[in-house]
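Have a look at the structure below before the remarks.
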Amino acid sequence: MPSLPNSVDTALRQRAARVVPGGMWGHLNAARLPEGYPQFFARSEGCHLWDVDGNEYVDLMCSWGPIVLGHHHPKVEAAVRRQATAGSCMNGPGAVMVELAEKLVATVAHADWAMFQKNGGDATTSCVTIARAGTRRRKVLAARGSYHGSAPWCSPSLVGVTAEDRAHIVHFDYNDIASLEAAADQAEGDLAAIIVAAFRHDLARDQELPTPEFAARVRAICDATGAALILDDVRAGFRIHAGGSWEPLGVRPDLSSWSKAIANGHPLAAVTGNDRFREAAASVFVTGSFWCEASSMAASLATLEAMEEEGAIARMTAMGQRLRDGLAGLAADNGIGLRQTGPVQMPMVLFDDDPDFVRGELFCATAIRHGAYLHPRHNMFLSAAHTAADIDRVLAAAAAGFAAVRQAG
């Protein structure tokens, strides 16, 4: 396993420590995971990963969300090859940019236009910039603990962040209407936007789906004040509903941010908006050296088409429910309290009476030794590549994990 002193993974970590600050950064740093998790990977296929030491895993993180159809989906990769052969990073976009924007406008329920970036944080920050330009106001309401990227205005870390960076951010509690209304009152007529995650997916806590009442109240406050409703669909987009994650609630945003699943692992993000914010979107200066790179746009167009053709959301839902039911049965068989929250396509699994995640880490460390890559504190992700056999293999690894937790007492 990667924890062995003579492993390839260990040698690469030692080399990285000499040339990379801390050896690794951000949420991809395996040092924050239990012993035995690899840092470096050699290859991927479908819903399977192989680390640099040759160990294979059924992947339930899907590259932390971007893989929605499975690694190396043939239709997506063929589209990328065709576009790369013709030209990818040029003096301007390829025709595929227009085709992709048309596809998003046809697919996303609230969208009258689309523009493109590279990362989810690019998209959420662009949404905030557009909302401020369109309303000529400053204040933005955001839920405590919600993750909207690593830019200074929203980073979960205060290291290197000044008070001025957060001067116009007002916080409320997700799903708490009274808290939301108090935050809106605090904005005192200077409210530019309310930004909300598709569901509450804070790290290391039970997930919460938005209540219909909360979603409706967010929309009502934005309508009454003229503020923009920004839906951060970076994490959940195209896994809950193709038209937008709040479509089942009957609530449509003014602006949405997208990334992760939009291009099945190729680097792309997008902002979609309604006509009210079209002029503002055209007026702001938001750009990046690689934002018009055409190969990722070709990947996105192929991804959206393949998701429709393959019924990807329905498949992820079915396999997610199979996983949830299996884990619940195993927990009951072992007499272990387990909480499963959030959409089944993005499962969050936490143990009762486990404030320091000792049980969760033991469970996951055991499961990874048996070939299942799970996470002890972060929501996981299903892809359309997961089959019943893959989920059953995960459940077999989970059985070993539950046994280890039971034996530890």
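Each value in this text was obtained by applying a stated rule to the coordinates, not by laboratory testing. All figures in this text were calculated on a predicted structure; none of them were measured in a lab. Every residue, glycine among them, receives a Cβ derived from its backbone with ideal geometry; neighbour counts consider all protein chains shown.
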> Does segment 286-409 classify as rounded, prolate or oblate by the C-alpha gyration tensor (a ≥ b ≥ c root eigenvalues; a/c under 1.5 gives rounded; else a/b over b/c gives prolate, otherwise oblate)?
Replying inline: prolate
> Against the longest alpha carbon principal axis of the chain, how many degrees, from 0 to 90 and to the nearest 10, is the axis of helix 74-86 turned?
Replying inline: 60
> How about segment 15-57: which GluC sites (Glu not before Pro) there are in a DSSP loop, with at most 15 other Cβ atoms within 10 Å of their Cβ?
Replying inline: 35
> How many Å³ per residue does the convex hull of the Cα positions in segment 188-228 occupy?
Replying inline: 85
> Taking Cα centroids, how far is segment 160-194 from segment 72-109 in Å?
Replying inline: 37
> In segment 244-270, which residues have a backbone nitrogen under 13 Å from the label point lying 7 Å from residue 284's Cα in the Cα-to-Cβ direction?
Replying inline: 254-258, 270
> In bins 5 Å wide, starting from 0, what share of all Cα pairs of segment 74-309 does each bin hold, as a percent?
Replying inline: 1, 7, 14, 19, 20, 16, 11, 7, 3, 1, 0
> Cross-link partners among aspartates and glutamates for residue 139, C-alpha distance below 18 Å, same-chain residues fewer than 8 apart left out?
Replying inline: 164, 165, 173, 181, 185, 188, 190, 223, 232, 254
> Tilt of helix 8-19 relative to the longest C-alpha principal axis of the chain, in degrees (0 to 90, nearest 10)?
Replying inline: 40
> Antiparallel DSSP bridges in the chain: what percent, to the nearest 5?
Replying inline: 55
>> I need the per residue convex hull volume for the chain, using only the alpha carbons, in cubic angstrom as a whole number.
In response: 149
> In deg cm²/dmol and to the nearest 500, what is the mean residue ellipticity at 222 nm of the chain if only DSSP H runs of at least 4 residues count, each as -39500 (n - 2.57), divided by the residue total?
Replying inline: -12500 deg cm²/dmol
>> Can you tell me the convex hull volume per residue for segment 119-244, based on C-alpha atoms, in Å³ to the nearest whole number?
In response: 112
> Taking the alpha-carbon centroid of each part, what is the distance from segment 44-70 to segment 333-409 in angstrom?
Replying inline: 16
> For the Cα atoms of the chain, what angle does the longest principal axis make with the long axis of helix 358-369, in degrees from 0 to 90, nearest 10?
Replying inline: 70
> segment 276-355: which chymotrypsin sites (Phe, Trp or Tyr not before Pro) are DSSP loop and have at most 10 other beta-carbon atoms within 10 angstrom?
Replying inline: 285
>> Counting other C-beta atoms within 10 Å, and keeping those with at most 16, which DSSP coil trypsin sites (Lys or Arg not before Pro) do you find in segment 84-144?
In response: 136, 138, 144
